[in-house]
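Comments concern the structure below.
Please treat every number below as a calculation from the coordinates, not as lab data. In this text, all values refer to a predicted model and were calculated from it rather than measured experimentally. Every residue, glycine among them, receives a Cβ derived from its backbone with ideal geometry; neighbour counts consider all protein chains shown.
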């Protein structure tokens, strides 16, 4: 069994990447799995619907997975509250500590059991988790019976800031400053995981993914040892079927023949003061990732 974990910051294309990969035989994309208990059971998160359109607790996949990992004698709600409390000890800022010493609560075992339940229920051999919590990615190497791979997905922070300034139906907005601070922290944590697992990590820019999607997806399939066909057609489109994703960008509800296009609206939509502030704040990583540093 293999888990491909996508790290990085939100609004970087992880939902579309995961859904494209899920069109490869034997691969299932679960979206942001970390929020299954908060959103699906407790209902305190931003989106309680599965990618199939059903409430997560009523989805034919997640209802079975939740039951499979629920301890005997515990209600779903009680177990979910316990899981969310465990997760609080394994946040992005804990990534460096987690790489050295995993938390000694029930979260690592629950996450591993959930991956196994997903493969059983879905009949898959590879799970793509786009939760983007490097702290959870740091746990994978210590999970028996799981081969882990990692994609560090990066997008220009000015594009990300513009995206966060546009509220979406499933979540609110963030300021350019807030987005860029998170962008920096999440990417530094993703780098730490990548350094610890160099042979199993691929660093991929969103811009390279959308400009050369077939090649980018081919490199990921090679990383996970998948010998099947590339789901991206030579013209850069993909036929998207259904999915069972836990939260994520609303494009996870899209179906049918879909072009993989670059969203460049930020180039004219991001006000110059926000652009300048974001560029200055992210300057060291902009240079590292090969982005333009001029305002």
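Go ahead and run the numbers for FRET between residue 105 and residue 276, Cβ-Cβ distance against an R0 of 51 Å, rounding to 0.05. For R0 = 51 Å, the calculated efficiency reads 0.75. Dividing the helix sum by the residues of the chain, where each DSSP H run of 4 or more adds -39500 (n - 2.57), gives a mean residue ellipticity at 222 nm of -11500 deg cm²/dmol.
What does DSSP give for region 151-295 in terms of the percent of beta bridges that are antiparallel, rounded to the nearest 5?
Details: 6 of 10 bridges.
Once the DSSP bridges in region 151-295 are tallied, antiparallel ones form about 60 percent.
Distance between the pseudo-spin-label points of residue 177 and residue 267 (7 Å out from Cα toward the beta carbon): 2.9 nm. The shape of region 2-264 comes out rounded: with a ≥ b ≥ c from the C-alpha gyration tensor, a/c is under 1.5.
Å³ per residue of the Cα convex hull, for region 225-266?
Once divided by residue count, the hull of region 225-266 is 137 Å³.
Between the alpha-carbon centres of region 264-295 and region 1-50 there is a gap of 27 Å.
Counting every other Cβ atom within 10 Å of each residue's Cβ, 59, 50 order from fewest to most as 59, 50. What does the extension gain come out to for residue 199 and residue 77, with contour length at 0.36 nm per residue minus their alpha carbon separation? Extending this stretch completely gives an extra 40.0 nm.
Counting only alpha carbon atoms, the long axis of helix 107-122 and the longest principal axis of the chain meet at about 80°.
The order of 82, 292, 32, going from fewest to most other C-beta atoms within 10 Å of their C-beta, is 292, 82, 32.
Look at 188, 33, 280 and count the other Cβ atoms within 10 Å of each Cβ; fewest to most, that gives 280, 188, 33. Using alpha-carbon pairs under 8 Å, 6+ residues apart, how would you state the relative contact order of the chain in percent? It rounds to 29 percent for the chain.
For the pair residue 68/residue 227, report the inter-label distance in nm, with labels modelled 7 Å from Cα in the Cβ direction. Taking the simple label geometry, residue 68 and residue 227 are separated by 2.6 nm. Counting only alpha carbon atoms, the long axis of helix 176-196 and the longest principal axis of the chain meet at about 60°.
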